[in-house]
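> Handing you a structure now.
Just so you know, all these numbers are worked out from the coordinates, no wet-lab data involved. Source: prediction; values computed, not measured. Cβ placement follows ideal geometry from the backbone for every residue including glycine, while neighbour counts extend to all protein chains displayed.
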Amino acid sequence: MTDISHENVPSRARRRFPGISSRAYEHPADRSALVALRRLTGFDTVFKALSGLLPERSLRLLFLSDSVRVSEAQFAHLHDMLRDACYILDLEKVPPMYVKQDPQPNAMCIGMDEPIIVVTTGLVELLDEEEMRAVVGHEVGHALSGHSVYRTILLFLTNLAVKVAWIPLGNVAIMAIVTALREWFRKSELSADRAGLLVGQDIQASMRGLMKIAGGNHLHEMNVDAFLAQADEYEKGGDLRDSVLKILNVLPRSHPFTTVRAAELKKWSETRDFQRIMDGHYPRRDEDKDASVSDSFRESASHYADTVRTSKDPLMKLVGDIAGGAGDLGGKLRDKFTGGGGGAKGGAGGSATTDGGGTPEGPQNPEEGPRKA
């Protein structure tokens, strides 16, 4: 990592956030999922063991020898974006960035001691300058939040789980931690998307980037409003069978579904919290040591309560009804799964299947693919 020079300012006028804490943009679900992860039986033991065993030096040498390091001499436009992102989020040191030959659009921030940012050629070729700036800000947000440590462990354990799949109990133990790590990482992506918006300060560019990741470089064939409408349709989701299928579809993934990410980011961009950050009112890093853990717990609990209360998903609505004291639970479950009350048969209309259209997140998720109900 190299010291950042504050003489080089962003390429256009963007608001800067001196001393900003990652608490300013972290999604409440990110924080609560990380707390749950740390409480998982055996996680502390695995974390301490892996901290000293992970081949981080080997990983750095691998990227140094087989990828292109971003600098003033190589991928200079990405170098400028990276310095801009670190300047805006006031990250004191610029992490090394590498471009890796891979047609799959992807980016990651890894490293136990110091973060490394890696972007693929597929992503560089897909996005325009402002869209790429949001992605670089996204990865710098991961670095500022300290996410790279857990991401590195997730990559290592995912590969390890494949190698020890023939050991039943060993694989079960590893996959329990991998599943918990994936649940946290999906939530952490929502936080990093917010960091990307703070860096790019262009919600339309963020939306375009997510649409391209979902549908390729065919913007003339896509529409932001229609894309967001997909997220709304997905959330409503039909009946309880669809709700269960959503859970099964997302479990193997390291990232949330792209339409969901777009909808979450658009919603946050319209909140008072986002506007306050843009106005310069946000938590500072020097206040982190005084931050209340109980306040974070309450905020996370409030977020989940609001999610259940406002969700259009059938399962979440049922949970809200139960929490609200609605009676006849057995009847509600029967009606939800059969598609209606009384003696109606097949009220849901047709079979519940998925189309298997989810795009794999990269080589680390070989198990991802079509599922049948």
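> For residues in region 127-143 being surrounded by fewer than 24 Cβ atoms within 10 Å (Cβ to Cβ) and part of a helix (DSSP H, G or I), which is nearest to the chain's Cα centre (by Cα)?
Looking at the filtered set, the residue picked out is MET132.
> Out of region 108-126, which residues are part of a loop (DSSP other than H, G, I, E, B) and surrounded by 23 or more Cβ atoms within 10 Å (Cβ to Cβ)? Before you say what the answer is, go through the steps one by one.
Restricting attention to region 108-126, the residues satisfying the condition of being part of a loop (DSSP other than H, G, I, E, B) are 111-115.
Passing the criteria: only PRO115.
> Which residue, of LEU78, LEU91, LEU82, is part of a loop (DSSP other than H, G, I, E, B) and surrounded by 19 or more Cβ atoms within 10 Å (Cβ to Cβ)?
LEU91
> Of the residues ASP66, ASP80, which is more than 22 Å from the chain's Cα centre (by Cα), in contact (Cβ under 8 Å) with a residue 60 or more places away in the chain and over 26 Å from ASP30 (Cα atoms)? Before the answer, list the steps.
Details: ASP66 fails: in contact (Cβ under 8 Å) with a residue 60 or more places away in the chain.
Just a single option satisfies the conditions, and that option is ASP80.
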